[in-house]
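Please treat every number below as a calculation from the coordinates, not as lab data. Please read all numbers here as calculations on a predicted model, not as lab measurements. Glycine gets a Cβ as well: all are built from the backbone with ideal geometry, and neighbour counts include every protein chain shown.
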Amino acid sequence: MDSQDFKFITSNELASRWRCSLESVTRWRREGKDPPFYKINGNILYKMADIEAMEQARKKSTTKSK
């Protein structure tokens, strides 16, 4: 297993990483939208591998519509 399999970030760290508000991250979770999350010992955590996979899937090379 890769060490990324065990790395998690908080909601605040995700909001900072994606340059959005904590309220947006909370709303996505409440609405059942990605990214998937884990609740461990009462803490909401996001697996870094999941976050990076979502970012990679949304990578674009142009803003031009098809």
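Listed values, structure above:
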| quantity | calculated |
| --- | --- |
| Using alpha-carbon coordinates, inclination of helix 48-57 to the longest axis of the chain, degrees | 10 |
| Lys/Arg +1, Asp/Glu -1 at C-beta; the range 2-66 dipole; positive extreme among Ala49, Val25, Ser65 | Ser65 |
| Ordering of 22-32, 51-61 by packing [mean C-beta count within 10 Å, highest first] | 22-32, 51-61 |
| Counting all C-alpha pairs of the chain, share separated by more than 16 Å (%) | 51 |
| Cross-link partners of Lys7 among aspartates and glutamates (Cα-Cα below 19 Å; sequence separation of 8 or more within a chain) | Asp34, Asp50, Glu52, Glu55 |
